[in-house]
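I have placed the structure first, in the form of structure tokens, so that the comments after it can refer back to it.
The values are calculated or read from the model by the stated rules, or taken from the named source; none is laboratory data. Since the structure is predicted, the reported quantities are computational estimates derived from the model, not experimental observations. Glycine gets a Cβ as well: all are built from the backbone with ideal geometry, and neighbour counts include every protein chain shown. All accessible areas refer to the heavy atoms of the entire protein, side chains included, with ligands and DNA or RNA removed. Shrake-Rupley method; radii C 1.70, N 1.55, O 1.52, S 1.80 Å.
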Amino acid sequence: MKKCIVCKIITLLGGLGALNWGLVALFDVNLVSKALGEATTASTVVYTLIGVAGLLLIVSIFKCCPCVKKSA
Ligand SMILES: [Zn+2]
């Protein structure tokens, strides 16, 4: 099963967000706030993107990616 670029980005963002949470829990290191600063516009954008990616990942359990339908 091939993944389109959109699915790859969503999975990457969701995975990075999950990894970041794991690092916060285990090492008390938040990579996003470390790289972009705490409560900055940039970190808010990243958290929002990760949140949207997570939502889309959950939706993708129930729905096939529309790009896959197009190519089929
Ligand atoms: Zn896709």
Of Gly14, Tyr47, Phe62, which is farthest towards the positive pole of the chain's charge dipole, taken about the Cα centre with +1 and -1 on the beta-carbons of Lys, Arg and Asp, Glu respectively?
Phe62
Between Ala18 and Cys67, Cβ-based FRET efficiency (R0 22 Å, step 0.05) works out to 0.45
Computed helical MRE - 222 nm, the chain, DSSP H runs ≥ 4 contributing -39500 (n - 2.57), nearest 500
-25500 deg cm²/dmol
Counting lysine pairs in the chain that sit 8 or more positions apart or on different chains, with Cα atoms under 30 Å apart, gives 10
Which cysteines in the chain lack any other cysteine whose Cβ sits under 4.7 Å from their own Cβ?
Cys7, Cys64, Cys65
First compute the accessible area of the chain with a 1.4 Å probe, then give the percent of it belonging to carbon and sulfur atoms.
74
For the chain, report the translational diffusion coefficient in µm²/s to the nearest whole number, using Stokes-Einstein at 20 °C, 1.002 mPa s, and a Kirkwood Rh over Cα pairs.
160
On average, how much accessible surface per residue is there in the range 5-71, in Å², for a 1.4 Å probe, leaving out ligands, DNA and RNA?
77
What spacing in nm lies between the two simple spin-label points modelled at Val29 and Lys3, each 7 Å away from Cα in the Cβ direction?
2.4
